Amino acid sequence: MRILVINAGSSSLKYQLFDMTNESVLASGRVERIGMDSSIVTHEPTDKPEVKDVSEILDHVTAVKRVIDLLVHPEHGVIRSMDEIDAVGHRVVHGGETFKESVLVDQDVKLEIRNLFDLAPLHNPAHMMGINAVDTNLPEVPQAVVFDTAFHQSMPPVAYLYPIPMVLYRRHKIRRYGFHGTSHNYVSQQAAELLGKPLEELKMVTCHIGNGASCTAIMGGKSVDTSMGLTPLEGLMMGTRSGDLDPAIVPFTMNKEDLTLSEVNSMLNKHSGLMAISGISSDMREIVDSMEEGDRNAKLAFDMYTYRVRKYIGSYVAAMDGLDVLVFTAGVGENSVQLRDAVCSGLSYFGVKLDPELNKQRSKQARIISAPDSRTKVMVVPTNEELIIARDTYRLVLEQEKQENYEI
Ligand SMILES: Nc1ncnc2c1ncn2[C@@H]1O[C@H](COP(=O)(O)OP(=O)(O)O)[C@@H](O)[C@H]1O
Ligand SMILES: CC(=O)OP(=O)(O)O
Ligand SMILES: [Mg+2]
């Protein structure tokens with residue numbers, strides 16, 4: 001079975017085509033800057049050279065069409081026709097309390113994802129466009145959705161409730177949901193496997209630090225707390241998102257700056273974080289480069305960012321009464337030697353001791369980067385959200401086929 005995985009973001013769409021007989025990747029790629037004047041398409045077939053082009057892609061329907069065209073292209077393609085795509089799996093960031101696990105898409109599922117638009121304004125509308133685009137281009141193909149929130153549904157009420165009137169939870173389901181769950185789940189399993197220890201016996205903090213960033217406390221393989229909340233805005237400082245702040249800043253700023261709700265929302269989601277403090281970029285590579293060239297604002301942004309990661313790790317040690325494994329993953333977590341060094345340098349009280357040489361090594365493999373005598377193991381584990389999405393999609397489609405057979 002060949003499964004196309006689509007990870008649609010607000011202005012981008014990442015994809016991978018899997019052959020599930022051996023979980024191999026036939027092609028992967030991304031469409032960036034959707035809806036802007038020049039969109040960038042990067043297509044990487046596994047056994048052929050990369051293709052990159054710049055063109056105008058105004059919406060996600062066009063982006064999905066472009067991806068399918070590339071997959072079946074006589075020169076750059078990896079399949080002969082669209083019929084060779086047997087199923088499509090989507091990442092969906094917000095599943096609310098409705099979705100505790102992955103599901104096949106039907107009209108009810110679509111309606112529920114739509115109902116959650118308010119809670120993930122940068123993400124859920126884009127996912128819906130991706131799902132609709134597949135409906136248009138591949139109408140017969142089953143689709144599955146895999147939710148960022150699902151893994152965190154194991155959190156206890158003490159972690160997921162906010163200390164505000166309970167009526168708000170009852171009426172509007174205002175609570176902590178948490179995100180990046182597919183990634184936190186995957187890297188925690190990989191870490192336990194590499195250590196050769198049962199996941200059930202480990203206390204872990206996983207740090208998914210990419211453009212969006214979150215930390216999760218995982219006990220016995222279950223999420224017990226996580227830094228993102230009702231929406232993906234809470235918690236760590238991010239590329240363009242503020243993360244935690246005094247809630248009173250919102251009405252205060254609206255009043256002083258005469259801002260509307262939508263303007264203050266946009267300020268906190270799109271114009272804060274690394275971008276706002278450095279005045280340079282939301283991209284950690286540029287922050288580190290500028291910092292090393294002596295830029296003080298970049299240094300302040302980096303220090304604030306890493307300080308906040310460290311504080312979250314500390315609070316989760318308290319939440320779990322211990323820490324066996326600390327895992328770094330995602331774009332920044334997997335690649336930034338400086339970030340891991342800065343975060344870990346303040347955690348010696350918790351038995352964290354990095355090996356500077358191991359930390360510097362570049363590798364795409366999961367690895368331990370702590371010193372042999374470090375009480376807490378520190379690891380870098382590359383995430384693979386797309387693989388988990390492909391696996392869940394495969395399982396759901398097979399289950400459905402089996403059920404259909406029973407009915408005959
Ligand atoms: N070598 C690197 N050093 C530091 N940061 C990096 C490096 N490579 C990528 N990144 C960071 O990773 C981020 C993207 O991470 P990713 O997990 O792909 O995010 P998302 O899925 O949210 O788009 C970029 O914004 C960039 O800052
Ligand atoms: C939930 C979230 O923030 O996702 P991303 O990091 O892909 O923006
Ligand atoms: Mg991501």
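When the C-alpha atoms of the range 196-385 are aligned to their principal axes, what extent does each axis show, in angstrom, from largest down?
For the range 196-385, the Cα spread along each principal axis is 56, 39, 32 Å.
Mind listing P(r) for the range 368-408? All alpha-carbon pairs, 10 Å bins, whole percents.
Bins of 10 Å from zero give 24, 21, 19, 17, 12, 6, 0 percent of pairs.
Local charge sum around THR253 (other residues, Cβ-Cβ under 14 Å, Lys/Arg +1, Asp/Glu -1)?
Working: positive: LYS256; negative: ASP246, GLU257, ASP258, GLU263.
It works out to a net charge of -3.
Points 7 angstrom from Cα along the Cβ direction at SER38 and ASP83: gap in nanometres?
With each label placed 7 Å out from Cα toward Cβ, I get 4.0 nm.
Given the rule -39500 (n - 2.57) for each run of at least 4 DSSP H residues, summed and divided by the residues of the chain, what is its mean residue ellipticity at 222 nm, to the nearest 500 deg cm²/dmol? Could you put the intermediate results ahead of the total?
Working: 15 runs with 163 residues, N = 408.
Calculated at 222 nm, the ellipticity per residue is -12000 deg cm²/dmol.
Counting other beta carbons within 10 Å of each Cβ, put SER183, SER290 in order, fewest first. Spell out each step's value before the answer.
Working: SER183 25, SER290 20.
Lowest to highest Cβ neighbour count: SER290, SER183.
Using Cα pairs closer than 8 Å and at least 6 residues apart in sequence, work out the relative contact order for the chain, in percent. Mind dumping the intermediate values first?
Values: 842 pairs, mean separation 56.2, N = 408.
After rounding, I find 14 percent.
Can you work out the FRET efficiency for the pair VAL72 and GLU292, with r the C-beta to C-beta distance and R0 = 60 Å, to the nearest 0.05? Can you show the working numbers first?
Details: r = 45 Å, r/R0 = 0.75.
Step by step, r from the Cβ atoms, then E = 0.85.
Can you put MET82, MET36 in order of Cβ neighbours within 10 angstrom, beginning with the fewest?
Numbers: MET82 15, MET36 12.
Fewest-to-most ranking of MET82, MET36: MET36, MET82.
Give me D for the range 2-147 in µm² s⁻¹, whole number, from Stokes-Einstein with Rh from the Kirkwood sum over alpha-carbon pairs, 25 °C and 0.890 mPa s. Intermediate values should be presented prior to the final figure.
Values: Rh = 15.4 Å.
D, rounded to a whole number, is 159 µm²/s.
Give me the Kirkwood hydrodynamic radius of the range 287-336 in Å, from all C-alpha pairs, to one decimal place?
12.5
Taking the Cα centre of the range 2-147 as origin, work out the dipole magnitude from +1 charges on Lys and Arg Cβ and -1 charges on Asp and Glu Cβ, in debye rounded to 20. Please list the in-between numbers first.
On the way: 13 positive and 23 negative charges, 50 e Å.
Approximately 240 debye in magnitude.
Starting at 0 and stepping by 5 Å, how many percent of the alpha carbon pairs of the range 86-176 end up in each bin?
Taking every Cα pair in the range 86-176, the percentages come to 3, 13, 23, 22, 17, 10, 6, 4, 2, 0.
Give me the net charge for the shell around SER363: Cβ to Cβ below 13 angstrom, other residues only, Lys and Arg +1, Asp and Glu -1. Walk me through the numbers before you get to the answer.
Working: positive: LYS360, ARG362, LYS364, ARG367; negative: GLU334, GLU357.
Summing Lys/Arg as +1 and Asp/Glu as -1 gives +2.
Separation of the range 11-83 and the range 94-150 by C-alpha centroid, Å?
So the two Cα centres are separated by 21 Å.
Between ARG171 and VAL250, with labels modelled 7 Å along Cα→Cβ, what's the label distance in nm to one decimal, could you check?
1.5
What's the extension gain from LYS311 to LYS360 if we count 0.36 nm per residue and subtract their Cα-Cα distance?
On the way: separation 49, 0.36 × 49 = 17.64 nm, distance 2.33 nm.
Extending this stretch completely gives an extra 15.3 nm.
Assuming 0.890 mPa s and 25 °C, estimate D for the chain with Stokes-Einstein, Rh taken as the Kirkwood radius over Cα pairs, in µm²/s. Intermediate values should be presented prior to the final figure.
Details: Rh = 22.3 Å.
My calculation gives 110 µm²/s for D.
Sum up the charges of everything whose Cβ sits under 15 Å from the Cβ of MET82, counting Lys and Arg as +1 and Asp and Glu as -1, but leave MET82 out. Don't jump to the answer; show the numbers that get you there.
Working: positive: ARG2, LYS65, ARG66, ARG80; negative: ASP69, ASP83, GLU84, ASP86, ASP135, GLU140.
Spelling it out: positives minus negatives among the neighbours equals -2.
Give the Cα extents of the range 289-408 along the principal axes, in whole Å, largest first.
69, 35, 26
Work out how much length ARG367 to LYS110 would gain on full extension: take 0.36 nm times their residue separation and subtract the Cα-Cα distance, in nm to one decimal. Don't jump to the answer; show the numbers that get you there.
Values: separation 257, 0.36 × 257 = 92.52 nm, distance 3.92 nm.
Full-extension gain reported as 88.6 nm.
How would you rank VAL325, VAL93, going from fewest to most other Cβ atoms within 10 Å of each one's own Cβ? The partial results should precede the final answer.
Values: VAL325 24, VAL93 27.
Ranked by crowding around the Cβ, least crowded first: VAL325, VAL93.
Throughout, read-outs are computed from the coordinates displayed, never taken from laboratory work. Note that the structure is a prediction, hence the values are computed from the model and not measured. Cβ: placed from backbone, ideal geometry, glycine included. Neighbour counts: every protein chain shown.
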